[in-house]
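One structure is given below, encoded as structure tokens.
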Amino acid sequence: MACLHDHSCEDHNCAADWSLYNHVDIPKVVALNESVPGSVKSVFKPWEQRLDTSGGFLESNEGDPELLVFIPFTSDVKIKSISIVGGADGTSPSRMRAFINREGIDFSDAQNMQPVQEWELAENLQGALEYQTRYSRFQGVANLTLHFSDNFGGDITKIYYIGLRGEATQNKRDVVATIVYEVMPNPSDHK
Amino acid sequence: MICIDNSEWMRNGDYAPSRFQAQADAVNLICGAKTQSNPENTVGVMTMAGKGVRVLVTPTSDLGKILACMHGLEVGAEANLAAAIQVAQLALKHRQNKRQQQRIIAFIGSPVKYDKKVLETIGKKLKKNNVALDIVDFGESDDEKPEKLEALIAAVNSSDSSHIVHVPPGDNALSDVLLSTPIFTGEEGGSGFAASAAAAAATGASGFEFGVDPNVDPELALALRLSMEEERARQEAIAKKAAEDTENKDHASSSNNDSVMAEAEPATNAADDDKKEQPKDDDDLLQQALAMSMEGGSSGSASVADAAMAEAGAVDPDLALALQMSVQDANMSSDSDMSKVFEDRSFVTSILNSLPGVDPNDPSVKDLLASLHGQGEVRSFLFLS
């Protein structure tokens with residue numbers, strides 16, 4: 001297992017760095033164009049299990065390599081880098097575009113909008129590569145949308161693992177939960 | 001998002017009073033059901049023909065607005081299915097609450113002029129954007145329309161979220177047929193609105209077993225279903241036992257049992273209405289034992305009743321009551337004196353029903369029963385309690 005750090009991994013616990021998956025709001029993760037609904041939830045796991053496919057993996061529909069993954073977080077996070085483990089035989093994604101803090105993006109939106117950052121990916125079957133973000137743009141991320149627009153020639157796109165590295169703040173995005181509009185104060189509403 | 005077909009084909013009267021009216025009723029019913037089942041649901045309506053593909057009301061949860069826009073709709077021109085689905089997709093994309101699931105319900109009454117391939121591409125695009133599609137296929141049905149629409153649904157469907165319903169013309173109103181389909185019941189498994197509408201609409205033979213709606217009265221429906229299953233089990237047991245017995249009395253009793261099944265069924269049903277007040281199984285087994293000991297009848301009828309009760313009587317006290325009555329009816333054919341005992345027995349059983357705290361598992365009670373009955377059968381059904 002090779003990391004990009006210049007030390008041997010046996011000493012350092014790489015898992016601790018890639019721990020942002022703890023802050024992903026997994027029940028609310030949504031993917032578009034996945035062949036098995038709900039399979040996207042299985043790609044967020046600890047670093048050690050990144051090659052473990054027993055929990056399932058994310059696969060796109062036949063003949064269509066595009067994938068869109070919407071990742072909400074339980075609190076605002078700062079993302080330093082992203083790692084993607086793809087499938088073999090050309091099913092790894094080759095291009096990734098990221099959008100921040102926008103809900104309800106679908107494919108036509110994703111193709112037309114300017115992403116916050118875009119990367120050319122390489123085939124990364126061991127999870128050894130990580131892609132740095134422009135950190136200043138990835139502060140205070142409440143949700144992240146990743147659009148995988150292309151792959152290396154396969155019929156479908158497979159993703160086994162999405163790793164996020166960064167820091168979690170304790171801030172929560174302002175969500176207006178319940179408001180009671182009153183013309184006159186009514187104590188019974190405030191119990 | 002509901003797509004209405006208001007093309008010229010809708011003037012036809014093969015659905016009473018006209019296809020368009022039947023469709024409008026069905027749409028109203030669906031809107032009501034959806035808005036009631038979840039307060040965050042929104043419904044929009046658009047036309048596929050008439051003045052063109054246009055959205056009459058954008059997705060809203062206000063039922064009055066939706067019903068109002070259905071007024072004054074004109075019938076004419078031809079339906080444009082592909083454009084309509086695209087417009088519906090766009091309307092859904094710009095919904096206010098992005099958390100809502102997207103669904104299109106299309107009423108397709110006119111012939112479909114598109115290729116299967118084109119429809120499949122449309123379906124794939126819907127599936128890619130996670131939009132579910134329900135199709136109500138009614139009205140015109142040329143040779144290929146059902147297959148084309150099935151292919152469309154197959155292309156859109158992901159994990160059974162899309163459905164298709166074919167409604168042939170006939171006596172049943174379009175809305176009644178739709179009430180029992182997954183388009184209405186959806187994933188929640190039956191909203192209260194749809195269920196109560198079904199109960200009101202159906203007169204005698206509704207879609208539900210026994211004519212009782214499980215949503216309206218779950219206990220009664222459950223009781224009826226249980227008694228039906230036990231009745232079936234009892235029938236098999238008695239038929240088996242009747243086949244084994246060689247006494248000529250059993251020829252009479254088996255034929256009587258067959259006729260008595262029909263009588264016992266309504267008796268069981270009537271008894272089921274009082275299910276809440278029935279005693280525990282223990283009390284009823286005791287009452288069976290005591291009643292049988294009092295009957296002191298022939299061993300043939302006792303063994304018939306015993307086999308039946310041993311197999312089914314442990315579960316349902318009402319069934320036990322019916323069993324007694326049917327056994328008594330069998331005895332009546334052979335022994336006219338039993339009629340008095342029948343009345344006495346029902347009197348006794350009613351007394352025993354009201355006795356609290358009688359526990360047949362008590363050793364002293366067991367000994368009493370063994371001495372009264374003097375046969376092995378008592379032990380056999382006491383084990384079951």
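Would you work out if the stretch B:2-186 is rounded, prolate or oblate? Take a ≥ b ≥ c from the square roots of the eigenvalues of the alpha-carbon gyration tensor; rounded if a/c is under 1.5, else prolate when a/b is larger than b/c, oblate otherwise.
rounded
What's the local net charge at A:Thr133, with K and R +1, D and E -1, over the other residues with C-beta under 12 Å away?
Details: positive: A:Lys78, A:Lys80, A:Arg134, A:Arg137, A:Arg165; negative: A:Glu118, A:Glu130.
Cβ neighbours under 12 Å give a net charge of +3.
Rounded, prolate or oblate, given the Cα gyration tensor of the stretch B:49-138, with a/c below 1.5 counting as rounded?
On the way: a/c = 2.09, a/b = 1.07, b/c = 1.95.
Oblate.
Work out, in µm²/s and without decimals, the Stokes-Einstein translational diffusion coefficient of chain A at 25 °C, 0.890 mPa s, Rh from Kirkwood over C-alpha pairs.
139
Are any of the pairs A:Lys41/B:Lys124; A:Lys158/B:Lys128; B:Lys51/B:Lys124 more than 20 Å apart by Cα-Cα distance, and if so, which?
Over 20 Å Cα-Cα: A:Lys41/B:Lys124; B:Lys51/B:Lys124.
Could you give me the ³J(HN,Hα) list for the stretch A:43-51, computed from phi with Karplus coefficients 6.51, -1.76, 1.60 and θ = phi - 60°, whole Hz, x at Gly and Pro?
8, 9, 8, x, 3, 5, 9, 5, 9
Say each of A:Ala88 and B:Ala83 gets a label point 7 Å from the Cα, pointing the same way as Cα to Cβ; how far apart are those two points in nm?
5.1
Report relative contact order for chain A in percent, whole number only (criteria: Cα-Cα under 8 Å, sequence separation at least 6).
Working: 424 pairs, mean separation 61.2, N = 191.
Result for chain A is 32 percent.
If amide hydrogens are placed 1.01 Å from N in the peptide plane, which non-local residues have theirs closer than 5 Å to the one on B:Val57?
The answer is B:Val45.
What residues have an amide H closer than 5 Å to that of B:Ile135, excluding those fewer than 5 places away on the same chain, when H is modeled at 1.01 Å from N in the peptide plane?
So B:Ile135 has HN proximity to B:Ala106, B:His163, B:Ile164, B:Val165.
Looking only at other chains, what is the average number of their beta-carbon atoms within 10 angstrom of each beta-carbon in B:127-134?
Counting other chains' Cβ atoms within 10 Å and averaging over B:127-134 gives 4.
Less than 13 Å Cβ to Cβ from A:Gly90, Lys/Arg counted +1 and Asp/Glu -1: what total charge do the surrounding residues give?
-3
Quick one, can you get me the convex hull of the C-alpha atoms of the stretch A:71-125 expressed as volume per residue in Å³?
Values: hull volume 6.1 nm³, N = 55.
Given the Cα convex hull of the stretch A:71-125, per-residue volume reads 112 Å³.
When the Karplus curve 6.51 cos²θ - 1.76 cosθ + 1.60 is applied with θ = phi - 60°, which whole-Hz ³J(HN,Hα) does each residue of the stretch A:80-91 get, with x for Gly and Pro?
3J(HN,Hα) across the stretch A:80-91, in whole Hz: 8, 8, 10, 10, 10, 9, x, x, 8, 6, x, 8.
Apply the Karplus parameterisation 6.51 cos²θ - 1.76 cosθ + 1.60, with θ equal to phi minus 60°, to every residue of the stretch B:219-225 and state each ³J(HN,Hα) to the nearest whole Hz, in sequence, with x for glycine and proline.
5, 5, 4, 5, 4, 5, 5
Report the net charge of residues surrounding A:Asp64, where surrounding means a beta-carbon distance below 12 angstrom and charges are Lys +1, Arg +1, Asp -1, Glu -1.
-2
Every read-out reported here was derived from the displayed coordinates using simple, explicitly stated rules and does not represent laboratory data. Owing to the predicted nature of the structure, the values given are computational and were not obtained by experimental measurement. A quick note on method: Cβ atoms are made from the backbone with ideal geometry, for glycine too, and the neighbour counts reach across all protein chains shown.
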